[in-house]
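Please read the structure below before turning to the comments.
The values are calculated or read from the model by the stated rules, or taken from the named source; none is laboratory data. Remember, predicted model here, so these are calculated numbers, not experimental data. Cβ: placed from backbone, ideal geometry, glycine included. Neighbour counts: every protein chain shown. Just so you know, the surface numbers come from the protein's heavy atoms only, side chains and all, with ligands and any DNA or RNA stripped out. Shrake-Rupley method; radii C 1.70, N 1.55, O 1.52, S 1.80 Å.
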Amino acid sequence: METTSFAIASYCVPCRAHCRYCLLASPGQTCGVDYARSERFARRVLEELGQTRPGLSAIFYIGYCMDTPHLRDFIRFSGEHGGPGARFLQMNGFAFRDDRELASLMGMIRGEGVETVDLTFYGTEAFHDRFAGREGDFRFLTRMLSAAGKAGLAVHVSMPLMRDNLDQAEELCRFLDAYPVAERTAFLPHTKGRGRDLAEQRITKAMFDRLPERVRGVFARTPHRTEAEWIAAGDWEEPARRNLTLVLTGDRIDALEAMSAEEILASLEALDDRFLAEMPSARELARRYGDPDGSRLFRRRDLILLWQQRFLAETGGALYDMHDETHSFSVHT
């Protein structure tokens, strides 16, 4: 397995929302290392890797949210080290601000070189606020959208498609027509973090086919098939590359600071190697857990993830889950 990229993440910023499918299962407080210490650590490790593994893509990012007084520092660091925050920011979960504060925030972001921001709408107002876990979130996002447009930022809007919001998708699209949206993408939610509790919300192909053309027209371009179609196709080629992410936590930072970049990377590779050795192949998982009549739509990776989660549950969690992004994890491609 070839390691092609490496990331350092610090979940050092609390998120003000409590979304029902939060990828990181945000607890409303932080579990990471404070920003200044995280950045110092990342700078040292990324510089070492630049010397020892010059062909490896390596970045630093923060979570659970971007709403930090260190946002300007993060954008500049990303610009220096090729990180994701230099040109693009995901901006859900910010604390409520008035119009003047929003104008200042968006102006600062644009002035630092960010070009695009992303906001996620879960449906029309009442549904969105319930799903996001805070009253007023929908209206605040529309104000963020307007402020971003006025600052010269392109706004990308994401819209998850679930059984409970399908009848709102076209209405939401019409509502957003009045705002400066540069691009919009509809997608199927993942099953990571709190998303594991939404398995029954996954839509079928028949449901998708009944959606209005303007909704289907902005659906994510990644191939999607029903579970039955994936099984019939038998396309179970095993991944050859991996992206590794080290998630910083307060209980491990002292030990990590005493390790070289190579030692850190090697420890993650060993953890992932064990996962790969003990996790059944995709073909075997399909045989054990696949539903040959399954009508729900999946990306290939999400379907295999669902089966892997079933295997982990059956084996009592003895194997470290390398696809759980609440701690250090890997993505196989």
Exercise. Percent of Cα-Cα pairs per 20 Å bin, from 0 to the last occupied bin, for the chain, please list those.
Key: 28, 59, 13
Quiz item: How big is the accessible area of Met1 in square angstrom, nearest 10, if you roll a 1.4 angstrom probe over the protein chains?
Solution: 90 Å²
Practice problem: With just the Cα atoms of segment 198-333, tell me how far they stretch along each of the three principal axes, in Å, largest first. | Solution: 56, 34, 26
Quiz item: If you look at just the Cα atoms of segment 1-131, how large are its Rg and its Dmax in Å?
Solution: 16.1, 52
Quiz item: Name the GluC sites (Glu not before Pro) in segment 196-271 that are in a loop by DSSP and that have at most 14 other C-beta atoms within 10 Å, would you?
Solution: Glu237
Quiz item: Under a GNM of the chain (C-alpha, springs under 10 Å), which listed residue has the highest mean-square fluctuation: Ser26, Ser267, Ser57?
Solution: Ser267
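Give, as a single signed number, the net charge of other residues whose beta carbon lies under 14 Å from the beta carbon of Phe219, with Lys and Arg counted +1 and Asp and Glu -1.
Numbers: positive: Arg184, Lys205, Arg210, Arg214, Arg216, Arg221, Arg225, Arg299; negative: Glu170, Glu183, Asp209, Glu213.
Neighbourhood net charge equals +4.
Can you pull the percent of Cα pairs in segment 118-241 with separation above 24 Å? Intermediate values should be presented prior to the final figure.
Working: 2626 of 7626 pairs.
Distances greater than 24 Å cover 34 percent of the Cα pairs.
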Self-check item: chymotrypsin sites (Phe, Trp or Tyr not before Pro) within segment 213-282, DSSP loop, no more than 14 other Cβ atoms inside 10 Å
Solution: none
Quiz prompt | Net +/- balance of residues flanking Ala58 in space, Cβ distance below 10 Å, scoring K and R +1, D and E -1 | solution = -1
Quiz prompt | Accessible area of the chain belonging to carbon and sulfur atoms, whole % at 1.4 Å probe | solution = 48 percent
Practice problem: Classify segment 235-312 as rounded, prolate or oblate from the Cα gyration tensor: take a ≥ b ≥ c as the square roots of its eigenvalues, call it rounded if a/c is under 1.5, otherwise prolate when a/b beats b/c and oblate if not. | Solution: prolate
Quiz item: By the scheme Lys and Arg +1, Asp and Glu -1, what is the net charge of all other residues having a beta-carbon under 12 Å from that of Ser267?
Solution: -3
Quiz item: Taking Rh as the Kirkwood radius, which is the inverse of the mean 1/r over Cα pairs, what is the Rg/Rh value for segment 278-333?
Solution: 0.96
